[in-house]
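Asker: The structure follows.
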Amino acid sequence: METRDQSIIDGFFARQENAIQDASEAYGGYCRTIADHILQNREDTEECLNDTWMKAWSTIPPARPDSLRAYLGRITRNLAISRFRESASLKRGGSTYTLALDELTECAQPAGNSTEDEVLRGELTARIDRFLQKESAEKRDMFVERYFYCDPVSDIARHHGVTESKVKTTLFRLRKKLKEELEG
């Protein structure tokens with residue numbers, strides 16, 4: 001773990017309010033990108049970021065994350081998805097988040113909130129992790145960028161130095177392989 005991250009985490013444990021500011025300075029841009037890709041609304045993104053820092057404050061301690069960046073990214077993502085669902089943005093349609101989820105629905109995802117559905121989601125996550133471990137680093141990155149961070153295809157293409165068509169084809173083939181593996 002980087003010393004900067006360790007220092008920030010130590011600040012949370014010591015209940016030093018500047019830990020929130022330090023986390024925001026270190027990872028605010030990263031978290032803003034995640035929230036904005038999902039929410040696509042500046043005010044909702046800002047509220048989500050404020051909620052992220054408060055959630056980090058209330059969960060560190062007892063949590064001592066190995067990767068502060070990943071921890072804050074996951075908090076932001078979960079809060080943004082919750083805010084997205086609550087704001088009835090699904091009715092408006094067309095967001096990157098909606099499109100990314102629509103692409104993955106063909107691979108099956110339990111939709112309910114029962115204990116059984118939670119177990120199935122955990123099992124599904126483990127199987128997707130195993131599936132992605134077999135793929136090249138570039139394909140894994142594209143998959144995570146699209147379906148975890150909800151990055152637009154154009155951003156993924158730019159990041160990897162390839163065409164949007166190549167990204168779309170790669171993601172299509174990955175979804176097809178994943179679906180076959182999950183059905184098998």
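None of the figures in this text is laboratory data; all of them are computed from the coordinates on show. These numbers come from a predicted model, not from an experiment. No Cβ is skipped: glycine too gets one built from the backbone with ideal geometry, and neighbour counts run over all protein chains shown.
Asker: Output the number of residues of the stretch 154-168 satisfying the condition of being under 18 Å from D36 (Cα atoms) and surrounded by 21 or more Cβ atoms within 10 Å (Cβ to Cβ).
Answerer: Count: 1.
Asker: Of everything in the stretch 54-76 that's assigned to a loop (DSSP other than H, G, I, E, B) and surrounded by fewer than 18 Cβ atoms within 10 Å (Cβ to Cβ), which residue is nearest to the chain's Cα centre (by Cα)?
Answerer: Among residues in the stretch 54-76 that are assigned to a loop (DSSP other than H, G, I, E, B) and surrounded by fewer than 18 Cβ atoms within 10 Å (Cβ to Cβ), the one nearest to the chain's Cα centre (by Cα) is S67.
Asker: Here's something else I'd like to know. Of the residues in the stretch 1-21, how many are in a helix (DSSP H, G or I) and surrounded by fewer than 17 Cβ atoms within 10 Å (Cβ to Cβ)?
Answerer: 8
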